[in-house]
Amino acid sequence: MKNKFLLVFLLLCFSAIVAQDNIQSGPMVGYSTMREVLLWVQTKSTAEVHFEYFDVDNPSKRFNTKKILTKSEDGYVAKVIADKVLPSKKYAYELFVDGKKVTKDYPMEFQSQTLWQWRTDPPEVSFAIGSCNYVNEAQYDRPGKPYGSEFEIFESIYQKKPEFMLWLGDNTYLREPDWNSRTGILHRYTHTRSLPELQPLLASTHHYAIWDDHDFGPNDADGSFWLKETTSEIFKLFWGNPNYDVISKGGITGKFQWADLDFFLLDNRYFRTANSNHASERQILGKEQIDWLINALASSRAPFKFLCIGGQVLSTEAMHENYATFPRERRYLLDKIREAKIEGVIFLDGDRHHTGLSRMQESMDVYPIYDLTCSSLTAGAYPNKEELNKYRLEETLYGKHNFGMLKVTGPRTNRVLHMSIFDKEGKEVWTKNINAIDLKYK
């Protein structure tokens, strides 16, 4: 009898080990609302996946997500909704693979958004930003010095405990063997997502994302990219935004809210004219996306309206892939923002492999618009003086691996945005405060 119990015990232990070993990456928490939260995980082979979760203040009452069977054609990814959450709560969750609990040595938690309207001032909000994450894979990288490095930066972000992280493009880097096939694109997204240093951050911080050329297709890719529908599909598979393609024209355009803040997730690739094509009407976002954006901005009451896009918008450097190389559409976008008297606009972007803040104020009759470029997380980083950018704030230029932490504090009528840039070790590089009241028309 003793031997029989020992055998059962060993079989249970073996099953748990098998379940643990079948995790490729994750779990990750995606979007959060007051009523539901997205949970994500990737297995190595076909498996039945589900999550259990509970309010940390009432652990005896547990809830289950539906069960998902991961499949090879979807990269063995499971995306499920925790739909029994209530506002203003913090939850712990557990992952089960083929009925066996998977344990991690770091917290697995998520939060629902706070119900504050008509009750209190909006809550303090803290979130991380970053772009350009290159994870090495020697046999497919260019020969020579590895382009990705200092992956400990993700531990530094994790230690800051942001409520969510906003990925500003080039979140993965498709290589030559990748972008001509669905198999290759799935491989690259899987390889990048599986970075060990990234896993604790994925598990307890909500994540939202846009893309730029390297997670969309080849370098400097545009709307002519032949597999853009495939990369759109796989981007949506690996990220957890609450919506995509809100203009019903393809791509990943979307929006989300956090507390009293609005975030507009723009697609600078799907509709883009080739950089060297001057024979056609030139566009990055396209009129339909811009017109949707202006209308959505006009309906927003957020004190800060964050416009998230893969490349720099305000910089006057007409070089590389800056918006200044598409002057007509850039003028249309900025003119419409001013004509509609949109207040509180902050651009957030990446791409440039250095960080810097731009400030544009055409006259004293208008408020200043800011553009925070935050790059690079782990891809090659380079100092840049932005000498041709007349809107640059020179003291904010930084050319090493870094990330941003943005915090919004204060009462509803006097919100303050605290911008801070940190190096790979989490040490502050610079900080600036912007008052919402200063981003209004007189």
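State in Å² the accessible area per residue of the stretch 305-374; use a 1.4 Å probe, count heavy atoms of protein chains only, and round to the nearest integer. List each step's numbers first, then the result.
Numbers: 2140 Å² over 70 residues.
Computed with neighbouring chains in place, this is 31 Å² per residue.
For the chain, take the longest principal axis of its alpha carbons; what is the angle in degrees between that and the long axis of helix 327-339, to the nearest 10 within 0 to 90?
With rounding to tens, the tilt is 90 degrees.
Of ALA82, TYR106, TRP116, which is farthest on the positive side of the dipole of the stretch 72-117, counting Cα position, with +1 on Lys and Arg Cβ, -1 on Asp and Glu Cβ, and the Cα centre as origin?
Going by the charge dipole, the pick is TRP116.
Give me the percent of accessible area attributable to carbon and sulfur for the chain, probe 1.4 angstrom.
Summing carbon and sulfur atoms, their accessible area is 52 percent of the total for the chain.
Do the sum for the chain: with -39,500 (n - 2.57) for every DSSP H run of n ≥ 4, divided by all residues, what is the mean residue ellipticity at 222 nm, to the nearest 500 deg cm²/dmol? Working shown, then result.
Working: 8 runs with 86 residues, N = 442.
It lands at -6000 deg cm²/dmol.
For the chain, with only Lys/Arg (+1) and Asp/Glu (-1) charged at the beta-carbon, what is the dipole magnitude about the Cα centre, in debye rounded to 20?
1060
Connecting C-alpha atoms closer than 10 Å in a GNM of the chain, tell me which of GLU176, GLU321, GLU73 has the biggest fluctuation.
Residue with maximal mean-square fluctuation among GLU176, GLU321, GLU73: GLU73.
Tell me, in nm to one decimal, what length is gained between GLN257 and GLN139 on full extension, where the rule is 0.36 nm per residue of separation less the Cα-Cα distance?
Going from the current span to full extension adds 38.4 nm.
Of the residues ASP121, ASP365, ASP267, which exhibits the maximal mean-square fluctuation in a Gaussian network model of the chain defined by a 10 Å Cα contact cut-off?
Highest fluctuation of the listed residues: ASP365.
Once amide H atoms are placed 1.01 Å from N in the peptide plane, what residues at a sequence separation of 5 or more from GLY30, or on another chain, have their amide H within under 5 Å of its amide H?
LEU38, LEU39, TRP40, HIS207
Rounded to whole Å, give me the distance from the Cα center of the stretch 377-413 to that of the stretch 221-266.
The distance from the Cα centre of the stretch 377-413 to that of the stretch 221-266 comes to 24 Å.
May I ask you to list the GluC sites (Glu not before Pro) in the stretch 337-442 that are in a DSSP loop and have at most 14 other Cβ atoms within 10 Å of their Cβ?
Qualifying residues, ordered by number: GLU362, GLU387, GLU425.
Just to check I understand the Karplus step: with θ = phi - 60° and J = 6.51 cos²θ - 1.76 cosθ + 1.60, what whole-Hz values come out for the stretch 430-442, glycine and proline as x?
Once rounded to whole Hz, the list reads 7, 8, 9, 10, 10, 8, 4, 5, 7, 10, 10, 7, 5.
Of the listed peptides 52-59, 95-102, 208-215, what is their order by residue-averaged count of other C-beta atoms within 10 Å, with the highest listed first?
Numbers: 52-59: 14.0, 95-102: 17.6, 208-215: 25.8.
Those peptides, ordered most packed to least, come out 208-215, 95-102, 52-59.
Could you give the accessible area per residue of the stretch 101-153, probe 1.4 Å, as a whole number in Å²?
57
So for the stretch 280-321, what percent of the C-alpha to C-alpha distances run longer than 17 Å?
Counting every Cα pair in the stretch 280-321, those more than 17 Å apart make up 47 percent.
Could you derive backbone 3J(HN,Hα) for the stretch 238-247 from the dihedral phi with the Karplus parameters 6.51, -1.76 and 1.60 (θ = phi - 60°), listing whole Hz in sequence and x where the residue is Gly or Pro?
Residue by residue, the stretch 238-247 yields 9, 10, x, 5, x, 7, 8, 6, 6, 9 Hz.
For helix 287-298, report the angle its Cα long axis makes with the longest principal axis of the Cα atoms of the chain; keep it between 0 and 90° and round to the nearest 10°.
Taking the Cα atoms of the chain, the angle to 287-298 is about 90 degrees.
How large is the direction-averaged shadow of the alpha-carbon convex hull of the chain, in nm²?
Mean orientational projected area (the chain, Cα hull): 23.4 nm².
Using each residue's phi in the stretch 136-146, evaluate 6.51 cos²θ - 1.76 cosθ + 1.60 at θ = phi - 60° and report the 3J(HN,Hα) Karplus result to the nearest Hz, with x for Gly and Pro.
Along the stretch 136-146, the couplings run 5, 8, 3, 5, 10, 8, 5, x, x, 4, x Hz.
Given contacts defined as C-alpha pairs under 8 Å and at least six residues apart, what's the relative contact order of the stretch 293-430, whole-number percent?
20
Please express the shape of the stretch 291-442 as an equivalent ellipsoid: the semi-axes are the square roots of 5 times the eigenvalues of the C-alpha gyration tensor, given largest first in whole angstrom.
One finds semi-axes of 24, 20, 13 Å for the stretch 291-442.
The values are calculated or read from the model by the stated rules, or taken from the named source; none is laboratory data. Treat the numbers as computed from the prediction; the structure is a model and nothing was measured. When we count neighbours, we look across all protein chains shown, and the Cβ atoms used for this are built from the backbone with ideal geometry, even at glycine. Quick note on the areas: whole protein, heavy atoms, side chains included, nothing else; ligands and nucleic acids left out. Shrake-Rupley method; radii C 1.70, N 1.55, O 1.52, S 1.80 Å.
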